[in-house]
Amino acid sequence: MTAPTTRPRVEGEREAEIFDATARLLVEHGYDRLTLDAIATAVKASKATLYRRWSGKADLVIDSLAHLKGPEHGEPMDTGSLRGDLLAMACSEGGLTDEMPVGIIGALIPALHRDPDLTRAFRERFIGPKLALAAAAFDRARLRGEVGAGADLAFLARILPSMATHEMFVFGTCVTREHVARIVDEVVLPACRATLTDH
């Protein structure tokens, strides 16, 4: 009986270096032209080292995206109001106003409809945690009476990121805190108030 093989760990500063190189090359070249060879060369590692840790390009790319600092990596942002929570999440590092994750998402969009593994990983490991955090903010808002008891929180939580990314990738808008505040004040909060009068 042979002894089980162990996967060498890539962690700490070395892991961060690989993630940073992956993000930079992805934004520069796009997902389709990104290769593990290029990443390995950039970080002076063998491609075998990368394959021992990640199953393929999609796996490494999503880990790199998830590695970017965002509110889901820390304590929930409970500011005491839904407006405050949404602005804090969207305008923090790793949020909707942060240039690097936005650039990465833009590089991934053309490939998402062609690569089911990438799409699955993107939804489960990047979008999922962010939507869960937003849904928690809306749940707190419901307890405070800012949102109706029967409101669809998952639907409400998607309004801000959907509109912001549409502005970015369809109209080329550089989304700022002011843009986020306008979407929250003119669309999200009125939608929430409407749920209070539903019967």
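Accessible area per residue for the chain, computed on protein heavy atoms with a 1.4 Å probe, is 56 Å². Estimated at the nearest 10 Å², the accessible area of Asp78 is 100 Å² with a 1.4 Å probe. Both radii were evaluated on the Cα set of the chain; the Rg over Rh quotient, with Rh as the Kirkwood radius, amounts to 1.05.
Here the accessible area of the chain is 56 percent carbon and sulfur, with a 1.4 angstrom probe and all protein chains present. Just Ala23, Ala151, Ala90 to compare: in a GNM of the chain, with alpha carbon springs under 10 Å, which one fluctuates most? Residue with maximal mean-square fluctuation among Ala23, Ala151, Ala90: Ala151. Using alpha carbons only, how many degrees (0 to 90, rounded to 10) separate the axis of helix 99-112 from the longest principal axis of the chain? So the helix axis and the longest Cα principal axis differ by about 80 degrees. Based on the Cβ-Cβ distance from Ser55 to Thr173, what FRET efficiency comes out when R0 is 25 Å, to the nearest 0.05? So, using R0 = 25 Å, E works out to roughly 0.10.
Computed from the alpha carbon positions, the gyration tensor of region 147-199 leads to an equivalent ellipsoid with semi-axes of 25, 11, 7 Å, biggest first. Computed with a 1.4 Å probe on the full set of protein chains, the accessible area for Ile127 sits at about 50 Å².
The values are calculated or read from the model by the stated rules, or taken from the named source; none is laboratory data. Note that this is a predicted model, so its numbers are computed, not measured. Cβ sites come from the backbone with ideal geometry, for glycine too, and all protein chains shown count toward neighbours. Remember, those area values only see protein heavy atoms, side chains included, never the ligands or the DNA or RNA. Shrake-Rupley method; radii C 1.70, N 1.55, O 1.52, S 1.80 Å.
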